[in-house]
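Reading through the structure tokens given below for one structure.
The values are calculated or read from the model by the stated rules, or taken from the named source; none is laboratory data. The shown structure was predicted, so the numbers you read here are calculated from the model rather than taken from an experiment. Because the Cβ atoms are built from the backbone with ideal geometry, glycine has one as well, and the counts that use them run over all protein chains shown.
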Amino acid sequence: MPEINRHKNDKSNKPPIDAAALLAWYDNNARALPWRVSPADRARGVAPNPYFVWLSEIMLQQTTVPTVGKYFAAFTSRWPTVQDLAAADRDDVLKEWAGLGYYARARNLHACANMVVDEFGGDFPQTAAELMNLPGIGPYTSAAIAAICYDQQVAVVDGNVDRVVARFTALDQPVRDAKPFVKSFVQQSVPKRAGDFAQSLMDLGATICAPKRANCLICPIAENCQGTKTADPTNFPVMPAKKQKPKRAGHAFVVENAKGEIWLQQRPEKGLLAAMTEVPGSEWHKLAEIKSDTIPEPEFPIRGEWRNCGSIEHVFTHFALTLTVWKLNSDEAPTQKGWWSKKQNLDAEALPTVFKKVLAKTFEE
């Protein structure tokens, strides 16, 4: 580990970020992103599209830029404005979202679009405080929209910024334990070009001050960075102790009829993966509660010669899941609430990744 001065991480003994140097670097090195207005265009008076910024920020939560790109393109092609998204059927929105994960974001996305249209005439509020009142918009997203779209001088702190600040200040504790300090530290440096400053910090963390490397020789703010004075800047952020995820297990039942169609149904409106599409299945048992790695025998939804196709693994935020996958060829529907879907149409269904894995397991036969 690097040698660290054990002190309180307050602003008094930490030189601030050189905003002018960072912005000068950003003007020449900004990433070209489909939802972003370049610094050159911004200087010419081109305003960011709040709908695009909001949509991208919601998608980027827990998701990488390369993955978001294709989803952003699909959404903005199908629903070019917030009014178009508000008028869309929610199930269609969920289908387009399938594969991005964290599906509450999609439901809140549709609810937020409707609120912006119904209560604000299609114009997003311009302050972080007002934006916080919209569904699915928390402290980070509200600050990002307010800064990027309206240059409100508020600190915007995402994972990239957390890493930059942790290295710049040689933060001697995990970032998750020092959130107020990190936000306060960024806030003291926010200039009038608040939106470009926010995006410059994000770009710095994504390119130069990256997770597994620190290219300090070309960093525009290296002069006052305390991490560069240690043996290895990449030792920051300090990693918290890892906790093993709880384990759950259950059964998934795939029924295919003579036409080659798969039986699907909708999950409940509330809870994990709410309102998304699934195949029938059992309860997801918490293995710690049944004190065993062996789950109860399957209770098949209909009679027949079910085949064990093996199992799939999927990791959610708070637990790891193992599902034993069973397959039956039958024209009998497992329930009255559901529908048959042709295999070639499955990509258009609102199937979360976990159930795509389930279906893929049966297609291996």
Original post:
Are any of the residues in the range 131-151 exposed (fewer than 15 other Cβ atoms within 10 Å of the Cβ), over 19 Å from the mean Cα position of the chain (by Cα) and in the same structural domain as THR228 (by TED's automatic domain parsing)?
Top reply: yes
**OP:** Taking VAL93 as the residue in question, decide whether it is β-branched (Val, Ile, Thr), more than 21 Å from ALA147 (Cα to Cα) and not assigned by TED's automatic domain parsing to the domain that holds LYS356.
**Re:** yes
**OP:** Give just the number: which of (1) out of contact with any helix residue (DSSP H, G or I) (no Cβ under 9 Å at 6 or more places or on another chain); (2) free of Cβ contacts under 8 Å to residues at least 12 places away in the same chain does PRO125 not satisfy?
**Re:** (1)
Original post:
Out of curiosity, is PRO66 part of a helix (DSSP H, G or I), at pLDDT below 95 and not β-branched (Val, Ile, Thr)?
Top reply: yes
Original post:
Does VAL156 qualify as being crowded, with 24+ Cβ neighbours inside 10 Å, within 19 Å of GLY227 (Cβ to Cβ) and under 21 Å from the mean Cα position of the chain (by Cα)?
Top reply: no
Original post:
From VAL255, VAL238, which residue is within 23 Å of VAL156 (Cα to Cα) and either touching a residue at least 24 places away in the same chain (Cβ under 8 Å) or aromatic (Phe, Trp, Tyr) (or both)?
Top reply: VAL238
**OP:** Return yes or no: is ARG176 surrounded by 15 or more Cβ atoms within 10 Å (Cβ to Cβ) and either assigned to a loop (DSSP other than H, G, I, E, B) or out of contact with any strand residue (DSSP E or B) (no Cβ under 8 Å at 6 or more places or on another chain) (or both)?
**Re:** no
Subject >> Candidates ALA30, ALA47, ALA40, filtered to the one that is among the small types (Gly, Ala, Ser), modelled with pLDDT of 95 or more and within 28 Å of GLY227 (Cα to Cα) >> reply: ALA30
Original post:
Just to be sure, is LEU85 surrounded by 20 or more Cβ atoms within 10 Å (Cβ to Cβ), at pLDDT 95 or above and closer than 25 Å to VAL354 by Cβ?
Top reply: no
**OP:** Give me a count of the residues in the range 333-365 that are closer than 22 Å to PHE75 by Cβ, assigned to a loop (DSSP other than H, G, I, E, B) and not hydrophobic (A, V, I, L, M, F, W, C).
**Re:** 2
Subject >> Exclusive hit being assigned by TED's automatic domain parsing to the domain that holds PRO174 and out of contact with any strand residue (DSSP E or B) (no Cβ under 7 Å at 6 or more places or on another chain), set GLY227, GLY271 >> reply: GLY227
Original post:
If we keep just the residues of the range 266-317 that are of a type in the set (Lys, Arg) and not in a loop (DSSP other than H, G, I, E, B), which is nearest to GLN61 (Cα to Cα)?
Top reply: LYS286
**OP:** For ALA111, state whether it is surrounded by fewer than 19 Cβ atoms within 10 Å (Cβ to Cβ), in a loop (DSSP other than H, G, I, E, B), out of contact with any Leu (no Cβ under 8 Å at 6 or more places or on another chain) and outside the structural domain of ALA274 (by TED's automatic domain parsing).
**Re:** no
